[in-house]
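S.K.: This is the structure, below, for whatever I ask next.
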Amino acid sequence: MTNIPLLIAWLASIIASLGSLYFSEVLQFVPCTFCWYQRILMYPLTIQLGIAFYHQDLRISRYILPISILGVFVSGYHYALQKIPALKAFETCSSGVPCSGEYINWLGFITIPFLAFIGFITITICMLLIRQQPK
């Protein structure tokens with residue numbers, strides 16, 4: 001039997017990974033430092049969740065959850081850096097593309113860090129649902 005939260009988490013990681021590759025490789029958007037941190041956290045999740053889904057290994061939540069929660073904080077801070085002008089004074093990106101820059105701004109609030117935030121939140125919720133399932 002297929003575990004739906006595990007499938008959703010895996011699909012969210014695939015979409016996030018492919019989306020980041022599309023932005024950088026097709027649209028030629030240069031990733032900033034925080035974008036790289038989010039990629040470092042997301043890309044391995046795609047492989048780990050894929051293997052866990054194949055084996056229907058629900059124990060994966062204990063390994064994925066800390067990484068996805070860290071991703072929520074990194075992408076949340078990155079999004080806040082873009083949308084809260086006062087935080088620009090604390091910007092840590094000193095070379096290359098500024099982390100407060102916005103390549104996209106769909107509907108006035110959807111930026112690349114926001115998309116990553118949604119991906120990490122989705123994975124985190126799915127992992128919490130898996131942890132609540134009876135063993």
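The values are calculated or read from the model by the stated rules, or taken from the named source; none is laboratory data. What you see is a predicted model, and the numbers here were worked out from it, not measured in a lab. Every residue, glycine among them, receives a Cβ derived from its backbone with ideal geometry; neighbour counts consider all protein chains shown.
S.K.: Which of the residues belonging to the stretch 38-75 are touching a residue at least 40 places away in the same chain (Cβ under 8 Å) and farther than 27 Å from Gln133 by Cβ?
M.R.: Gln38, Val74
S.K.: Could we say that Tyr37 is buried (at least 17 other Cβ atoms within 10 Å of the Cβ) and touching a helix residue (DSSP H, G or I) at 6+ places or on another chain (Cβ under 7 Å) here?
M.R.: Values: buried (at least 17 other Cβ atoms within 10 Å of the Cβ): yes; touching a helix residue (DSSP H, G or I) at 6+ places or on another chain (Cβ under 7 Å): yes.
Yes, satisfied.
S.K.: Now for a different question. Quickly run through the stretch 80-135 and pick out the residues that are over 18 Å from the mean Cα position of the chain (by Cα), within 26 Å of Pro44 (Cβ to Cβ) and of a type in the set (S, T, N, Q).
M.R.: Correct list: Thr92, Ser95, Gln132, Gln133.
S.K.: Name the one entry in Ile130, Ile118, Ile104 that is more than 16 Å from Tyr37 (Cβ to Cβ) and in a loop (DSSP other than H, G, I, E, B). Working first, answer last.
M.R.: Working: Ile130 fails: in a loop (DSSP other than H, G, I, E, B); Ile118 fails: in a loop (DSSP other than H, G, I, E, B).
Ile104 is the lone residue from the list that is more than 16 Å from Tyr37 (Cβ to Cβ) and in a loop (DSSP other than H, G, I, E, B).
S.K.: Residues to consider are Tyr37, Tyr43, Tyr22, Tyr79; find the one that is within 19 Å of Ile118 (Cβ to Cβ), in contact with a Pro (Cβ under 6 Å, 6 or more places away or on another chain) and not aliphatic (A, V, I, L, M). Break it down into steps so the answer makes sense when it comes.
M.R.: Working: Tyr37 fails: in contact with a Pro (Cβ under 6 Å, 6 or more places away or on another chain); Tyr43 fails: in contact with a Pro (Cβ under 6 Å, 6 or more places away or on another chain); Tyr22 fails: in contact with a Pro (Cβ under 6 Å, 6 or more places away or on another chain).
Among Tyr37, Tyr43, Tyr22, Tyr79, only Tyr79 is within 19 Å of Ile118 (Cβ to Cβ), in contact with a Pro (Cβ under 6 Å, 6 or more places away or on another chain) and not aliphatic (A, V, I, L, M).
S.K.: Next up: Report whether or not Leu87 is part of a helix (DSSP H, G or I), over 18 Å from Thr124 (Cβ atoms) and out of contact with any Leu (no Cβ under 7 Å at 6 or more places or on another chain). If you could, list the steps in order and put the result at the bottom.
M.R.: On the way: part of a helix (DSSP H, G or I): yes; over 18 Å from Thr124 (Cβ atoms): yes; out of contact with any Leu (no Cβ under 7 Å at 6 or more places or on another chain): no.
Answer is no for this residue.
S.K.: Return a yes/no flag: does the stretch 11-33 have any residue that is within 22 Å of Gln133 (Cβ to Cβ), surrounded by 12 or more Cβ atoms within 10 Å (Cβ to Cβ) and modelled with pLDDT under 95.
M.R.: No, the stretch 11-33 contains no residue that is within 22 Å of Gln133 (Cβ to Cβ), surrounded by 12 or more Cβ atoms within 10 Å (Cβ to Cβ) and modelled with pLDDT under 95.
S.K.: Being in contact with a Ser or Thr (Cβ under 6 Å, 6 or more places away or on another chain), surrounded by 13 or more Cβ atoms within 10 Å (Cβ to Cβ), at pLDDT 90 or above and outside any loop (DSSP other than H, G, I, E, B) is true for just one of Leu70, Leu49. Which residue is that? If you could, list the steps in order and put the result at the bottom.
M.R.: Working: Leu70 fails: in contact with a Ser or Thr (Cβ under 6 Å, 6 or more places away or on another chain).
Checking each option against the conditions leaves just Leu49.
S.K.: A further question on this structure: Residues being surrounded by fewer than 19 Cβ atoms within 10 Å (Cβ to Cβ) and either assigned to a helix (DSSP H, G or I) or hydrophobic (A, V, I, L, M, F, W, C) (or both): count how many of those fall in the stretch 52-66. Can you show your working first?
M.R.: Going through the stretch 52-66, the residues surrounded by fewer than 19 Cβ atoms within 10 Å (Cβ to Cβ) turn out to be 53-59, 62-63, 65-66.
Right, trim to either assigned to a helix (DSSP H, G or I) or hydrophobic (A, V, I, L, M, F, W, C) (or both) and you get 53-55, 58-59, 62-63, 65-66.
Selection size over the stretch 52-66: 9.
S.K.: Also, quick follow-up: Any residue in the stretch 26-35 that is closer than 16 Å to Ile125 by Cα, assigned to a helix (DSSP H, G or I) and touching a residue at least 12 places away in the same chain (Cβ under 8 Å)? Let's see the steps before the verdict.
M.R.: Our first condition is that a residue be closer than 16 Å to Ile125 by Cα; within the stretch 26-35, this holds for none.
The answer is no; no qualifying residue exists.
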